[in-house]
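Below: one structure, written as structure tokens.
Quick note: the coordinates plus some simple rules give every number you see, no bench work behind them. Source: prediction; values computed, not measured. Heads up, the Cβs are rebuilt from the backbone with ideal geometry, glycines too, and the neighbour counts pull from every protein chain shown.
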Amino acid sequence: MNITVVGTGYVGLVTGTCLAESGANVTCVDIDVQKVEKMKAGIVPIYEPHLDVLFERNIKQGRLAFTTNLEEAIVDSTIIFLALPTPPGEDGSADLSYILGVAKDLGDLITDYKVIIDKSTVPVGTAEKVATALNNALDQRFSKESNERPAFDVVSNPEFLREGFAVDDFMKPDRIVIGSSSDRANEILDKMYAPFVRQGNPVIFMDEKSAELTKYAANSFLATKISFMNEIANLCELVGANVDDVRKGIGTDTRIGNRFLFPGIGYGGSCFPKDVQALAKSSTEVNYDFKILSAVMDVNQTQKTVIVPKIKDFYSGDVSEKKFAVWGLAFKPDTDDIREASSLYIIEELIEAGAEIIAYDPEAMENVKNLLGDKIDYAENEYDALNDADALLIFTEWQIFRNPNFEKISSMLKEKVIFDGRNLYDLDQMNELGFHYNSIGRKEITQ
Ligand SMILES: NC(=O)c1ccc[n+]([C@@H]2O[C@H](COP(=O)([O-])OP(=O)(O)OC[C@H]3O[C@@H](n4cnc5c(N)ncnc54)[C@H](O)[C@@H]3O)[C@@H](O)[C@H]2O)c1
């Protein structure tokens, strides 16, 4: 089975590598020349746990190759994945220019039957637009009646992988959603995905529009769950309740479930913010006011910097001359992705207020350096960041921050003060250790 994956980001590279691991011959194509050179040299261009082992193995065994040449990449493949960016346009709707641009290129190039699989997150109706772009390009090469005009099917196959667990999620998906009205395409995809659903995880077939909406519905529902819990946490602080207890109290209800109930400093990343926004925008386009989504976005925007007034209050409104150690920059642990990370919003507000920042993140430092340069300082490790800092601020719940050497923290900080945006530590322990400890939705520990 020969497969092409167009776009080698978090989704495309994981998709290509995992499909190669199942025995397919995969060619990945990207317009980023440097990235392709890196991959050809055996370097994984992103941080994603466990990807490197599969990447190396499949390159070595000749099943995974990289190119910048789309024509060369598709010539032997029946299956073509589009794993291209769909960033928010100025009005919040998904920018389809990458997808439709490649669809046109495919229309200029294909010579035999292809299944074009849209793996990007795209608004309802995109499969149709992709088909139209291909047909328009084919019209330039062939008449509608021509026997030589190649056939194609466009399938919507949204991806549900989570960064940080992407390999596991792809290899053992909860479900695979296939939106297609073509039996020929369905058969091809069914066969391709068979190795990944041997344990009985469902492949759910539906029409293209339903598949496209399923992805937005999933991400928007999860974002809603997060924003709901963040509001409960804010309320806990005001009424003196403990969000940990409330979380356990509701999470044990199987109708609610215990996942995605941890409060914090808002959701970020490349998916939830843009997908909620895009679903809201597509709803307005059909004159539907999706009220919950507006609230979810509002809540999240506020929550991203909810920690800033707390920090300012602690220093009586003046954080100029203060130096803060930051642990965690990535939008979540186990990734180097900083897109829409809350850390960036908080850091910006603190710098604006005159504070100095020295940060450490296990994987995201390079990306932040490229973005912020010398606006902040960067530490060699988590303890280095503490040197001479007034307080420790925690923005990402990396595993290595969960059980640190508190004696070392106490001895290095100027004052024993922690603002924890991810509720990593136990309140009693913080009290016993003599920290001033402020977290989300829980009692503030004062000394
Ligand atoms: N990142 C996630 O966790 C995740 C999960 C599920 C779905 N998605 C969706 O999948 C899509 C891709 O997301 P991503 O995070 O992998 O994006 P990304 O930005 O990490 O990667 C996109 C890649 O496409 C390449 N590209 C751009 N134009 C190209 C072209 N014309 N030809 C070839 N390559 C081109 C870029 O150079 C880049 O390498 C988005 O729609 C996203 O919403 C992402």
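Values for this structure:
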quantity: Overall dimensions of segment 85-160 as given by Cα atoms, namely Rg and Dmax in Å; calculated: 13.2, 43
quantity: Linear extension gain, Arg162 paired with Ile204, 0.36 nm per residue minus alpha-carbon span; calculated: 13.2 nm
quantity: Convex hull volume per residue in cubic angstrom - Cα atoms of segment 135-261; calculated: 164
quantity: Packing-based exposure ordering (other Cβ within 10 Å, fewest first) of Met206, Met430; calculated: Met206, Met430
quantity: Segment 305-438: radius of gyration and largest Cα-Cα distance (Dmax), Å; calculated: 13.6, 40
quantity: Top positive-direction residue, dipole computed over segment 216-302 with Cβ charges, set Ile256, Asn287, Cys236; calculated: Ile256
quantity: Pairwise label distance in nanometres, Arg255 with Glu366, each label 7 Å out on the Cα-Cβ vector; calculated: 4.9
quantity: Calculated from backbone phi, Karplus (6.51, -1.76, 1.60) coupling profile of segment 199-213 in Hz, x at Gly/Pro; calculated: 8, x, 5, x, 9, 9, 8, 7, 7, 4, 5, 5, 5, 4, 6
quantity: Separation of the Phe142 and His50 label points, Cα + 7 Å toward Cβ, nm; calculated: 4.2
quantity: Residue-wise HN-Hα coupling along segment 374-385, computed from phi with Karplus coefficients 6.51, -1.76, 1.60 (Hz; x: Gly, Pro); calculated: 8, 5, 10, 9, 10, 9, 6, 8, 5, 6, 3, 5
quantity: Using θ = phi - 60° and Karplus 6.51 cos²θ - 1.76 cosθ + 1.60, couplings along segment 266-278 (whole Hz; Gly, Pro as x); calculated: x, 8, x, x, 8, 10, 3, x, 6, 6, 5, 4, 5
quantity: With Cα atoms, 0 to 90° folded angle of helix 342-352 axis to the chain main axis; calculated: 50
quantity: The chain, relative contact order in percent, only Cα pairs under 8 angstrom and at least six apart counted; calculated: 12
quantity: Between helix 10-21 and the chain: long-axis angle, C-alpha atoms, 0 to 90°, nearest 10; calculated: 60
quantity: Approximate spin-label separation Glu415-Asp374, in nm, with each point projected 7 Å along Cα-to-Cβ; calculated: 3.0
quantity: Cα-derived Rg to Rh of the chain, Kirkwood definition; calculated: 1.01
quantity: Test item: Cα-centred dipole of the chain, Lys/Arg +1 and Asp/Glu -1 on Cβ, debye; calculated: 940
quantity: Reachable lysines, given that their alpha-carbon falls under 25 Å from the alpha-carbon of Lys323 and they are not under 8 places away in the same chain; calculated: Lys304, Lys310, Lys312, Lys332, Lys369, Lys375, Lys408, Lys414, Lys416, Lys443
quantity: Positive-end extreme of charge dipole, segment 309-381 - chosen from Phe314, Phe324, Gly373 (charges on Cβ); calculated: Phe314
quantity: Pair-distance profile P(r), taking every C-alpha pair of segment 31-136, with 5 angstrom steps and integer %; calculated: 2, 10, 18, 20, 19, 15, 11, 4, 0, 0
quantity: Cα-based Rg of segment 2-206 normalised by 2.2 N^0.38 Å, two decimals; calculated: 0.99
quantity: Relative contact order [Cα under 8 Å, 6+ residues apart], segment 5-151, whole percent; calculated: 22
quantity: Cα-based Lys proximity count in segment 2-206, under 16 Å, for pairs eight or more positions apart or on separate chains; calculated: 7
quantity: 5 angstrom amide H check on Ala94, placed H, neighbours 5+ away; calculated: Gly89
quantity: Long-range HN-HN contacts of Ile176 with modeled amide H, under 5 Å; calculated: Val203, Ile204
quantity: Degrees separating the helix 183-193 axis from the principal Cα axis of the chain, which is the longest one; calculated: 50
quantity: Segment 210-294: C-alpha pair distances exceeding 16 Å, %; calculated: 58
quantity: Other-chain or far-sequence residues with amide H under 5 Å of Phe66's (modelled H); calculated: Cys28
quantity: Length-normalised contact order for segment 216-302 - Cα pairs under 8 Å, 6+ apart - percent; calculated: 39
quantity: Theoretical ellipticity at 222 nm over the chain - DSSP helices of four or more residues, -39500 (n - 2.57) apiece, nearest 500; calculated: -13000 deg cm²/dmol
